[in-house]
1. Residues in region 68-97 that are closer than 19 Å to His58 by Cα and either in contact with a helix residue (DSSP H, G or I) (Cβ under 8 Å, 6 or more places away or on another chain) or hydroxyl-bearing (Ser, Thr, Tyr) (or both): how many?
2. Residues that are more than 17 Å from Phe45 (Cβ to Cβ), touching a strand residue (DSSP E or B) at 6+ places or on another chain (Cβ under 6 Å), in a strand (DSSP E or B) and modelled with pLDDT of 95 or more: does region 72-86 have at least one?
3. Looking at region 37-65, which of its residues are in a helix (DSSP H, G or I) and either under 20 Å from Lys25 (Cα atoms) or in contact with a Lys or Arg (Cβ under 9 Å, 6 or more places away or on another chain) (or both)?
4. Filter region 105-136 for residues that are under 17 Å from Thr9 (Cβ atoms), touching a residue at least 24 places away in the same chain (Cβ under 8 Å) and surrounded by fewer than 14 Cβ atoms within 10 Å (Cβ to Cβ) and give the result.
5. Among the residues of region 87-130, write down those that are in contact with a Gly (Cβ under 8 Å, 6 or more places away or on another chain) and farther than 15 Å from Ile40 by Cβ.
6. Taking the condition of being under 14 Å from Lys69 (Cα atoms) and in contact with an Asp or Glu (Cβ under 9 Å, 6 or more places away or on another chain), how many residues in region 10-48 meet it?
7. Of all residues in region 1-42 being buried (at least 16 other Cβ atoms within 10 Å of the Cβ) and small (Gly, Ala, Ser), which is farthest from Met130 (Cα to Cα)?
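The values are calculated or read from the model by the stated rules, or taken from the named source; none is laboratory data. Bear in mind the structure is a predicted one, so any value in this text is a computation, not a measurement. Positions of Cβ are generated from backbone atoms using ideal geometry, with glycine treated the same way; all protein chains shown enter the neighbour counts.
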Amino acid sequence: MKIQQVKATVYPGTDYKEVYPPARKLYKQIKAQTKRQPYIRAAYFNKEKIFIELFWIHLNQKNRKERNKRLKYYGCGIELLRTTRQQPTTKKNPNKPSELLHRFAGVTPNNELFYVQVKEDTKTKRKDFMSVFPPE
């Protein structure tokens with residue numbers, strides 16, 4: 001897997017209350033650009049839409065510490081999806097055979113590695129931004 005360098009930095013802060021506002025602000029800016037579901041256009045998928053609403057649903061299923069860890073990389077993940085043309089690792093979802101999971105790798109200006117996961121429905125070709133996270 002090739003790794004893409006991004007310009008966005010990790011959101012500063014150690015508490016969820018410090019990291020949440022800048023991430024939500026970016027989400028609201030993206031949401032304001034559309035009338036229906038918020039999305040971004042991904043370079044790798046030939047500027048196809050990737051819907052970002054599922055990220056927040058998935059995030060709220062995690063505990064507070066895990067949410068904080070993932071939200072720190074939200075801006076980096078959005079930038080990575082918009083700009084990367086690197087080949088992701090793709091595999092079938094073991095729980096749902098009609099879904100593909102694409103995992104992109106990125107590195108911040110501080111050389112911190114992170115991953116972005118996109119879920120694709122093979123029947124409808126719909127792509128959803130699921131998660132962004134650092135390596136374990």
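1. Total satisfying the criteria: 8.
2. The answer is no; no qualifying residue exists.
3. Glu53, Leu54, Phe55, Trp56, Ile57, His58, Leu59, Arg64
4. Result: Pro109, Asn110, Leu113.
5. Answer for region 87-130, where residues must be in contact with a Gly (Cβ under 8 Å, 6 or more places away or on another chain) and farther than 15 Å from Ile40 by Cβ: Leu113, Phe114, Tyr115.
6. Of the residues in that region, 3 qualify.
7. Ala8
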